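Worksheet for the structure shown next.
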């Protein structure tokens, strides 16, 4: 066993149950695969509650890192294989690394607010 094997074994032990993906600058972004799904879901919920893009919260750290990933499509698939509430257009995100807001309400544009009263009309 060489020194390189020892360093790799120590590095793996330090990161425990974390996963990673390569960034365009050659470094790695480490994340907790068990927590990232909840983080993305909660961000999507916050964007849904906020409505229009100008009212939405900034993207979480994992999204900002995914934008910088060497292979955004593969990293996104590994981190969030089927995120129903991902508030950005997927193709713009994975193809160009752009965070283009998308509507989370069916039948509405991203910058169109939902009506304040969503109740069913009475009889």
> Looking at this structure, is residue 65 at pLDDT 90 or above and either closer than 20 Å to residue 92 by Cα or part of a helix (DSSP H, G or I) (or both)?
Replying inline: yes
>> Of everything in segment 19-59, what is more than 17 Å from residue 79 (Cα to Cα) and in contact with a helix residue (DSSP H, G or I) (Cβ under 7 Å, 6 or more places away or on another chain)? Give them in sequence order.
In response: 56, 57
> Which of (1) surrounded by fewer than 13 Cβ atoms within 10 Å (Cβ to Cβ); (2) at pLDDT 85 or above does residue 121 not meet, given it meets every other one?
Replying inline: (2)
> Out of (1) under 11 Å from the mean Cα position of the chain (by Cα); (2) more than 15 Å from residue 39 (Cα to Cα); (3) modelled with pLDDT under 85, what's the single condition that is false for residue 77?
Replying inline: (3)
> If we scan segment 1-23, do we find a residue that is farther than 28 Å from residue 102 by Cα, assigned to a loop (DSSP other than H, G, I, E, B) and modelled with pLDDT of 90 or more?
Replying inline: no
> What number of residues in segment 27-53 are assigned to a helix (DSSP H, G or I), in contact with a strand residue (DSSP E or B) (Cβ under 9 Å, 6 or more places away or on another chain) and loosely packed, with under 13 Cβ neighbours inside 10 Å?
Replying inline: 0
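The values are calculated or read from the model by the stated rules, or taken from the named source; none is laboratory data. As the structure is a computational prediction, the values presented were derived from the model and not from experiment. For neighbour counting, all protein chains shown are included, and Cβ atoms are generated from backbone atoms with ideal geometry for every residue, glycine included.
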